[in-house]
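To start, the structure itself, in structure tokens.
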Ligand SMILES: [Mg+2]
């Protein structure tokens, strides 16, 4: 498991819908982010064994484990990635946001995606993950 933070541009995307994975991989890749996309949480845990990601973006409704449970396992393992959820049609955004607020407090992206919201969420996660790393960079430069 990659438990120590290292500066990186890698995002792990977990969704059981392959068209969502393809879109996000292409779109975020075109903006210079390095994207790994997997269709199950078990594949996600395998990726996390070997690779450090500043961000994990996970679907909520998946057959093997839902996004809330997945996030709580990530936290249990002490993986320091920033996290965000995403969800699609058939969910009431207000209900979902209340549930997220009561449980994880991570940002949530709604499908179909608002592209500027995707960019903003990823950039915020990058800033947040790296804030202490960049702080120690500038300390060592002084
Ligand atoms: Mg799903």
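Bear in mind these aren't lab numbers, they're just calculated from the coordinates by the rules spelled out. Because the structure is a prediction, the values reported are computed rather than measured.
With each run of n ≥ 4 DSSP H residues scored as -39500 (n - 2.57), what mean residue ellipticity at 222 nm is computed for the chain after dividing by its residue count and rounding to the nearest 500 deg cm²/dmol?
Calculated from helices alone, the mean residue ellipticity at 222 nm is -16000 deg cm²/dmol.
Compute the long axis of helix 67-76 from its Cα atoms, compare it with the longest principal axis of the Cα atoms of the chain, and write down the angle in degrees, 0 to 90, nearest 10.
Value to nearest ten degrees: 30.
Between Rg and the Kirkwood Rh of the stretch 33-116, both from Cα atoms, what is the Rg to Rh ratio?
Radius of gyration over Kirkwood radius for the stretch 33-116 works out to 0.94.
In a GNM of the chain with a 10 Å cut-off on Cα contacts, which of 31, 85, 12 has the highest mean-square fluctuation?
31
How far is helix 115-141 tilted, in degrees, relative to the longest principal axis of the Cα atoms in the chain, given as a value from 0 to 90 rounded to the nearest 10?
Tilt of helix 115-141: around 20 degrees.
Please determine, in degrees from 0 to 90 and to the nearest 10, the orientation of helix 93-103 with respect to the longest principal axis defined by the Cα atoms of the chain, where the helix direction is its Cα long axis.
50 degrees
Taking just the C-alpha trace of the chain, give me its Rg and Dmax in Å.
14.9, 53
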